[in-house]
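Engineer: For reference, the structure I am asking about is given below.
The values are calculated or read from the model by the stated rules, or taken from the named source; none is laboratory data. Not measured: the values here are computed from a predicted model. Note: ideal-geometry Cβ built from the backbone for every residue, glycine included; neighbour counts use all protein chains shown. Each accessible area value is taken on the protein alone, full model and side chains, heavy atoms only, with ligands, DNA and RNA left out. Shrake-Rupley method; radii C 1.70, N 1.55, O 1.52, S 1.80 Å.
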Amino acid sequence: MTVPTERPGIDVGAGRVLGTRDAGIDRFLGVPFAAPPFGARRFAPPAPPEPWEGERDASAFSATAPQTAYVGGIEKHLGSVEIAGDDILTVNVWTPANREAGHPLPVLVFVHGGALSRGTPALAPYDGETFARHGIVYVSIAYRVGSEGFSVLEGVQANLGLLDQIAALEWVRREIGAFGGDPQNVTAMGHSAGGNTLAALLAHPRAEELFDRVIVQSGPLTAMPPAKSGRMTRAVAKRLGVAATRDGFASRTPGELVAAQTAAAAGGSPLGGGPTFALTIGGEAIPSDAYAALRRGAGRNIPVLIGSTSEEYRLWFVPSGQLDRISNTALTVARIATHVSRRAVALYRAHRPGAKPGEILGAIATDTLLRRPLTTFADSRVDAPAPTYVYEFAWQSPHAGLGAAHGMELGFVFDTLASAGSAAMGGTEGPQALADAMHAAWVSFVKTGNPGWAPWSDGRGTEVFDADGGHLVHNLRADELAVLPAERD
């Protein structure tokens with residue numbers, strides 16, 4: 001990277017921010033959209049940032065939300081960053097330095113993943129330079145995670161981390177014009193837990209106030225009743241010997257809460273069970289069952305790009321060694337517990353000759369938790385005013401046996417295959433033609449609402465991205481989805 005030669009300044013509602021200019025891109029990092037959620041504001045909805053005098057330095061990322069690094073082998077592939085401080089509710093903006101006044105640019109807002117307990121926009125793979133080079137104002141947002149953001153506590157609003165995201169999206173509508181962005185042309189993009197939260201916001205009555213298009217990458221579409229989503233909260237409270245209330249959790253430091261939640265989650269995963277954080281039905285952020293609302297027609301006026309990878313499960317099953325530990329007996333036990341038929345297992349085996357029991361279980365779990373719900377969601381929007389575009393990332397990386405694992409597509413979407421973060425996930429053999437195709441599709445959707453293939457219809461067309469780019473496949477593995485247990489309302 002070249003040495004920045006200029007320090008561009010921009011006025012926002014709370015004061016003036018001083019960014020950096022490098023190779024034609026202006027960056028404004030760590031800009032507060034809300035006040036630090038600690039002290040008297042801990043476990044409270046986001047409050048407006050306090051105004052500052054003079055110029056605020058916006059040359060570096062602000063503090064990261066309390067969390068720990070990944071463990072259990074996943075840390076080899078998913079990085080972590082720890083930046084000390086309390087100012088954790090901030091946005092980061094990349095915008096072309098040569099933007100023209102009077103010609104606002106489309107905006108892309110990225111929401112990171114991390115199972116609602118980890119993650120930060122400060123991670124290198126989330127750098128917005130490639131989007132800014134294509135004439136897009138890119139924004140990444142930080143929000144509360146873990147116990148600070150998604151506990152289910154008496155006397156506390158549910159989904160505080162999601163309320164943070166709402167506040168950040170409101171900030172974008174209000175302030176992005178000063179950075180050259182069009183506040184009436186905002187696409188929100190979320191990966192994993194970030195896709196989960198954006199799906200919930202798509203179902204929100206105020207969705208059209210927050211964004212104009214949405215991209216959901218490998219994100220569950222569900223939220224849970226408090227009794228289920230509060231499992232982690234209860235586990236943390238028990239470990240710390242405190243009540244699951246605002247006063248009880250506020251009596252412990254953020255670090256103590258993180259340590260307790262990390263211990264409680266040991267051995268669990270989004271696919272493998274165990275207590276994890278989840279979105280909660282009820283309250284301002286998710287007033288009703290989001291998945292049910294989407295199937296009934298919520299968000300039908302908003303164009304959607306949604307998809308998954310072919311082998312989501314491999315991120316959790318391979319690094320942990322669980323893939324090789326799952327026996328036929330364990331597969332049978334899991335099949336019975338989840339009401340999956342013998343016929344279904346036989347069909348999945350027939351389509352995957354030589355597959356290990358763990359691979360069969362992982363494929364069924366992936367389809368049950370992600371692919372079938374997104375198919376059901378897309379089916380419900382066939383006659384919607386706004387189009388739905390479905391994709392699947394199918395390129396199988398040879399790196400560490402990860403294949404087409406959860407998160408593998410990010411280096412291609414951001415077109416950052418050469419970065420260390422992308423290499424840690426996918427190795428160094430990622431085909432550039434695939435990155436060219438995926439990045440171009442995402443840029444096109446942000447700019448026009450059309451990624452370049454036919455929208456979902458009765459033919460169920462899915463754009464499958466593999467080594468040579470993308471190609472449309474109709475009724476992709478529909479026979480497998482059809483033999484899974486019926487979804488519960």
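Engineer: Select from A441, Y143, G24 the residue farthest towards the positive end of the dipole of the chain; place +1 on Cβ of Lys and Arg, -1 on Cβ of Asp and Glu, and compute about the Cα centre.
Structural biologist: Y143
Engineer: Can you say what percent of the DSSP beta bridges in region 370-482, counting only those with both residues inside, are antiparallel? Round to 5.
Structural biologist: 65 percent
Engineer: In whole Hz and in residue order, list the ³J(HN,Hα) couplings for region 39-44 that follow from phi through the Karplus curve 6.51 cos²θ - 1.76 cosθ + 1.60, θ = phi - 60°; x for Gly and Pro.
Structural biologist: Values per residue, Gly and Pro as x: x, 5, 8, 5, 6, 10 Hz.
Engineer: Keeping every protein chain in place, order S251, S422 by accessible area at 1.4 Å, biggest value first, i.e. largest first.
Structural biologist: S251, S422
Engineer: Here's something else I'd like to know. Starting at the first residue of region 393-399, write each ³J(HN,Hα) from the Karplus equation 6.51 cos²θ - 1.76 cosθ + 1.60 with θ = phi - 60°, in whole Hz, x for Gly and Pro.
Structural biologist: 8, 10, 5, 9, 5, x, 6
Engineer: Counting Lys and Arg as +1 and Asp and Glu as -1, what is the net charge of the other residues whose Cβ lies under 13 Å from the Cβ of S320?
Structural biologist: Neighbourhood net charge equals +1.
Engineer: Give, as a single signed number, the net charge of other residues whose beta carbon lies under 14 Å from the beta carbon of I88, with Lys and Arg counted +1 and Asp and Glu -1.
Structural biologist: -1
Engineer: Once you have the Cα-Cα distance between A97 and A259, take 0.36 nm times their residue separation minus that, and quote the gain in nm to one decimal.
Structural biologist: Going from the current span to full extension adds 54.1 nm.
Engineer: For the chain, what does -39500 (n - 2.57) per DSSP helix run (n ≥ 4), summed and divided by total residues, give at 222 nm, in deg cm²/dmol to the nearest 500?
Structural biologist: -8500 deg cm²/dmol
Engineer: Now for a separate question. Of F110, P431, G219, whose Cα points farthest to the positive end of the dipole of the chain (charges on the beta-carbon: +1 Lys, Arg; -1 Asp, Glu; origin at the Cα centre)?
Structural biologist: Farthest along the dipole direction, towards plus: G219.
Engineer: Would you mind working out the accessible area per residue for the chain, using a 1.4 Å probe, and quoting it in Å²?
Structural biologist: 38 Å²
Engineer: Additional query: Can you compute the equivalent ellipsoid semi-axes for region 381-486, i.e. the square root of 5 times each eigenvalue of the Cα gyration tensor, sorted largest first and rounded to whole Å?
Structural biologist: 26, 19, 10
Engineer: Given labels modelled 7 Å from the Cα in the Cβ direction, how far is it in nm from H339 to R488?
Structural biologist: 0.7 nm
Engineer: Here's another thing I want to ask about it. In what sequence, largest accessible area first, do R56, R42 appear using a 1.4 Å probe?
Structural biologist: From most exposed to least exposed: R56, R42.
Engineer: Right, here's the next one. List the residues, sorted by chain then number, that are 5 or more residues from T462 or on another chain and whose placed amide H is less than 5 Å from its amide H.
Structural biologist: Placed amide hydrogens put V473, H474, N475, L476 under 5 Å from T462.
Engineer: Something else now. Of the accessible area of region 108-197, with the probe set at 1.4 angstrom, what percent is carbon plus sulfur?
Structural biologist: Roughly 48 percent of what the probe reaches on region 108-197 is carbon or sulfur.
Engineer: Separate question: From largest to smallest, what semi-axes in whole angstrom does region 212-307 give when each is the square root of 5 times an eigenvalue of its alpha carbon gyration tensor?
Structural biologist: Taking √(5λ) for each Cα gyration eigenvalue gives 31, 16, 12 Å.
Engineer: Could I ask something else about it? Which percent of Cα pairs goes in each bin when the distances of the chain are cut into 10 angstrom slices starting at zero?
Structural biologist: With 10 Å bins starting at 0, P(r) equals 4, 20, 31, 28, 13, 3, 0.
Engineer: HN-Hα J couplings of region 283-300 from phi, Karplus 6.51/-1.76/1.60, θ = phi - 60°, integer Hz, Gly and Pro as x?
Structural biologist: x, 5, 6, 10, x, 8, 4, 5, 5, 4, 5, 5, 5, 7, x, 4, x, 5
Engineer: What distance in nm separates the simple spin-label points at D247 and A440, each placed 7 Å from Cα in the Cβ direction?
Structural biologist: 6.2 nm
Engineer: Moving to a separate point now. Which net charge results when you count Lys and Arg as +1 and Asp and Glu as -1 among the other residues whose beta-carbon is under 14 Å from that of A260?
Structural biologist: +3
Engineer: Calculated FRET efficiency, E170 and T329, Cβ-Cβ r, R0 56 Å, to nearest 0.05?
Structural biologist: Once rounded, the FRET efficiency stands at 0.60.
Engineer: Another question, then. Give the cross-link partners of K447 among the aspartates and glutamates, using a straight C-alpha distance below 13 Å as the criterion and excluding same-chain residues fewer than 8 apart.
Structural biologist: D182, D212
Engineer: If you don't mind, another one. Loop only by DSSP, 13 or fewer other Cβ within 10 Å of the Cβ. Give me the chymotrypsin sites (Phe, Trp or Tyr not before Pro) in region 33-129 that pass, ordered by residue number.
Structural biologist: Loop-located and lightly packed - W52.
Engineer: Can you list the GluC sites (Glu not before Pro) in region 362-433 that are in a DSSP coil and have 13 or fewer other beta carbons within 10 angstrom?
Structural biologist: Qualifying residues, ordered by number: E429.
Engineer: Right, something else. If amide hydrogens are placed 1.01 Å from N in the peptide plane, which non-local residues have theirs closer than 5 Å to the one on F110?
Structural biologist: So F110 has HN proximity to V139, S140, I141, M189.
Engineer: Antiparallel as a % of all DSSP beta bridges within the chain, to the nearest 5?
Structural biologist: Rounded to the nearest five, the antiparallel share is 45 percent.
Engineer: To continue, here is another question. If the cut-off is a Cα-Cα distance under 28 Å, which lysines reach K228, setting aside same-chain residues fewer than 8 apart in sequence?
Structural biologist: Cα-Cα hits under 28 Å: K238.
Engineer: Give the long-range amide H neighbours of V12: residues separated by 5 or more places, or on another chain, with amide H under 5 Å away, using H modelled in the peptide plane at 1.01 Å from N.
Structural biologist: Long-range HN contacts for V12: V17.
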